[in-house]
Amino acid sequence: MGSVLSLVEPNLHLVDVDRRKLLFHVPTSALFELDGLSEALIARLRAGDRTADDLAQALAPRYGSEPVNAAIDELKTLKVLSVDGSAQLNAEPAKVTEFPLNTVVLNVNTGCNLSCTYCYKEDLAAPSKGEKMPLETAINAIEMLLRESPDQDRYNVVFFGGEPLTHMPLIRNVVAYCEARFQKVRGSVDFSLTTNATLLTEALVDYFDAHRIGLTISLDGPKAMHDKNRITVGGKGTYDVVRQKVEMLFSRYRSRPIGARVTLTRGVTDVETIYQHLHRELGFHEVGFAPVTSGDIAEFNLTPQELAEVFAGMKRLGRRYLEGALQGRNIGFGNMHRLLSDIHEGSKKALPCGAGVALLAVDTAGEINLCHRFTGSDLPRFGDVETGVDKPALSQFIEARLDRSGTGCEACRIRNLCSGGCYHESYAKYGDPSVPAYHYCDLLRDWVDFGVDVYSRVAIENPGFFDAHVTPRRSPSP
Ligand code: SF4
Ligand code: SF4
């Protein structure tokens with residue numbers, strides 16, 4: 001009897017586009033169109049045929065022995081077919097010695113002028129009690145970025161809070177410092193910030209426009225939804241003022257597309273209505289949704305039922321994205337666009353995001369954190385801006401996440417797109433950012449499967465969409 005052959009299910013995902021059968025190859029995120037023979041081979045293997053002889057016996061009369069053997073070899077090369085169960089799903093975990101840092105997040109003020117009900121940031125204080133970052137700390141952070149990673153083509157400086165607009169003197173000084181400093185290095189610099197918009201003025205908007213500072217506005221949808229949680233310190237809803245500020249912003253800011261970031265918490269799940277309002281009525285270029293599943297205040301976490309509703313709504317919106325993409329339009333649904341961009345770029349994500357490798361966050365005391373969500377947490381810091389990055393500690397952390405052995409991610413079919421999920425979610429849920437965040441894997445797998453289907457349709461029926469809408473997004477013209 002010959003060797004036992006079996007399909008490596010975690011490495012393949014079959015997609016039907018009209019009558020065409022495609023194989024999404026999980027290890028490389030590449031799409032292959034299956035011919036009749038490969039399709040028949042996979043079907044036989046799924047039906048229980050186990051050896052090359054079985055397969056040849058069943059398929060050679062129609063396709064010929066040589067083509068059957070060649071197709072078997074091809075599937076083996078792709079690691080879609082294993083011999084005697086020997087397929088290795090993941091590369092050996094690598095040693096991490098390089099940190100290609102290109103982004104530093106500056107937590108400019110722990111304070112915020114609002115009092116959103118669901119917000120419990122580890123180091124958030126009332127505006128008057130907020131700790132502000134000294135200019136010297138910010139400059140040291142920029143110098144740390146250049147010292148640790150001098151060879152990047154592009155650098156990003158992100159202003160974060162609390163509410164970053166509560167410390168504009170620092171932002172203006174840092175922008176001026178960087179604009180002069182980055183003239184003297186090879187790489188260019190880009191600025192961005194996320195704001196609740198309430199403190200925007202015409203003069204500020206003109207300043208952001210002149211310096212091409214990218215803006216994302218936090219808001220949660222139409223008035224009733226937004227005012228449920230996004231309130232002033234005195235308890236008043238902020239929708240009216242945010243809307244007025246956003247209209248003013250759109251009337252004078254031209255330099256970059258403006259995105260909206262929506263926090264979905266208990267009782268706020270209607271992504272289609274929110275998208276409709278923010279994209280169609282207010283005019284945001286892109287709307288991104290952040291479902292809260294393991295926030296610090298448990299009563300605001302979406303229930304499992306609500307989370308399922310959110311994903312169902314995202315899929316309905318995803319179908320509208322697909323319709324738009326087939327006509328060459330990007331409808332500005334950020335989550336879908338991000339997923340398709342990852343698939344298109346053949347992301348083989350070994351890690352869920354750039355935190356700790358390409359991105360670090362600096363808190364008001366100048367200490368280095370994995371990302372903005374860890375500032376003020378109990379997680380030990382990874383150095384500070386004066387002494388530099390604690391590389392041994394960071395390597396140890398990243399290497400632990402790279403090693404999938406013994407985790408549920410090891411054989412998961414979306415392991416190269418999810419990569420175990422957000423470190424902060426794991427930290428909030430399990431107290432340990434190095435373990436994967438398992439609490440909604442089934443929904444995530446369903447969402448990514450859906451994304452692969454959408455991607456395949458677009459790739460087959462309107463491949464020009466990716467050139468027009470994905471490539472420029474990653475490398476915007478100056
Ligand atoms: S966290 Fe869950 S969905 Fe993500 S790769 Fe791991 S097992 Fe798969
Ligand atoms: S760890 Fe989570 S919150 Fe931090 S950058 Fe990564 S995905 Fe975002």
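The values are calculated or read from the model by the stated rules, or taken from the named source; none is laboratory data. This structure is a prediction, so every number in the text was calculated from the model and none was measured. Neighbour counts run over all protein chains shown; Cβ positions are idealised from the backbone, glycine included.
Results for (1) outside the structural domain of Gly288 (by TED's automatic domain parsing); (2) within 22 Å of Arg280 (Cα to Cα); (3) polar (S, T, N, Q); (4) out of contact with any Ser or Thr (no Cβ under 7 Å at 6 or more places or on another chain), shown as yes or no for each residue.
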site: Met144; (1), (2), (3), (4): no, no, no, yes
site: Leu193; (1), (2), (3), (4): no, no, no, yes
site: Ile213; (1), (2), (3), (4): no, no, no, no
site: Thr232; (1), (2), (3), (4): no, no, yes, no
site: Glu247; (1), (2), (3), (4): no, yes, no, yes
site: Phe250; (1), (2), (3), (4): no, yes, no, yes
site: Pro257; (1), (2), (3), (4): no, yes, no, yes
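Looking at the structure I just gave you, is Asp227 part of a helix (DSSP H, G or I) and within 22 Å of Thr117 (Cβ to Cβ)? Criteria met by Asp227.
When we screen Tyr427, Tyr423, Tyr438 for residues that are within 20 Å of Leu89 (Cβ to Cβ), of a type in the set (Ser, Thr, Tyr) and not assigned by TED's automatic domain parsing to the domain that holds Leu12, the only hit is Tyr438.
Tell me whether the range 264-272 contains one or more residues that are among the β-branched types (Val, Ile, Thr) and either within 30 Å of Glu179 (Cα to Cα) or surrounded by fewer than 21 Cβ atoms within 10 Å (Cβ to Cβ) (or both).
Within the range 264-272, not a single residue is among the β-branched types (Val, Ile, Thr) and either within 30 Å of Glu179 (Cα to Cα) or surrounded by fewer than 21 Cβ atoms within 10 Å (Cβ to Cβ) (or both).
For the range 340-361, taking the residues that are more than 16 Å from Pro433 (Cβ to Cβ) and out of contact with any helix residue (DSSP H, G or I) (no Cβ under 9 Å at 6 or more places or on another chain), the one that is surrounded by the fewest Cβ atoms within 10 Å (Cβ to Cβ) is identified as Gly346. Scanning the range 251-285 for residues that are part of a helix (DSSP H, G or I) and either among the polar types (S, T, N, Q) or at positive phi (or both) yields Ser251, Thr273, Gln276.
State whether the residues of the range 452-460 include one that is polar (S, T, N, Q), within 16 Å of ligand 2 (Cβ to nearest atom) and closer than 18 Å to Leu12 by Cα. Working first, answer last.
Keep residues of the range 452-460 that are polar (S, T, N, Q), which gives 456.
Among the residues that remain, those that are also within 16 Å of ligand 2 (Cβ to nearest atom) are: none.
Among the residues of the range 452-460, not one is polar (S, T, N, Q), within 16 Å of ligand 2 (Cβ to nearest atom) and closer than 18 Å to Leu12 by Cα, which makes the answer no.
Checking Ile343, Ile368 one by one, the residue that is within 16 Å of ligand 1 (Cβ to nearest atom), outside any loop (DSSP other than H, G, I, E, B) and assigned by TED's automatic domain parsing to the domain that holds Asn109 is Ile343 and no other.
Summed over the range 112-123, residues that are touching a Gly at 6+ places or on another chain (Cβ under 6 Å) and either modelled with pLDDT of 60 or more or not assigned by TED's automatic domain parsing to the domain that holds Val268 (or both) total 1.
Test Ala52 against the stated conditions and say whether it is in contact (Cβ under 8 Å) with a residue 40 or more places away in the chain and within 27 Å of Pro463 (Cβ to Cβ). No: the conditions fail for Ala52. Report yes if some residue within the range 411-422 is over 22 Å from Leu339 (Cβ atoms) and at pLDDT 90 or above; otherwise report no. Looking through the range 411-422, none of the residues is over 22 Å from Leu339 (Cβ atoms) and at pLDDT 90 or above. Scanning the range 258-293 for residues that are free of Cβ contacts under 8 Å to residues at least 40 places away in the same chain and either over 20 Å from Phe160 (Cβ atoms) or of a type in the set (Ser, Thr, Tyr) (or both) yields Gly267, Gln276, Arg280, Glu281, Leu282, Gly283, Pro291. Cβ-Cβ contacts under 6 Å between residues 6 or more apart (or on different chains), taken from a first residue in the range 218-238 that is in contact (Cβ under 8 Å) with a residue 60 or more places away in the chain to a second residue that is among the charged types (D, E, K, R), are listed as Arg230/Asp220; Thr238/Arg230. A single entry from Thr375, Thr364 fulfils the requirement of being touching a residue at least 12 places away in the same chain (Cβ under 8 Å) and within 14 Å of ligand 2 (Cβ to nearest atom): Thr375. Restricting attention to the range 415-429, the residues that are within 12 Å of ligand 1 (Cβ to nearest atom) and out of contact with any strand residue (DSSP E or B) (no Cβ under 9 Å at 6 or more places or on another chain) total 10. For the range 173-188, the criterion of being over 17 Å from Ala355 (Cα atoms), of a type outside the set (D, E, K, R) and assigned to a strand (DSSP E or B) is met by at least one residue.
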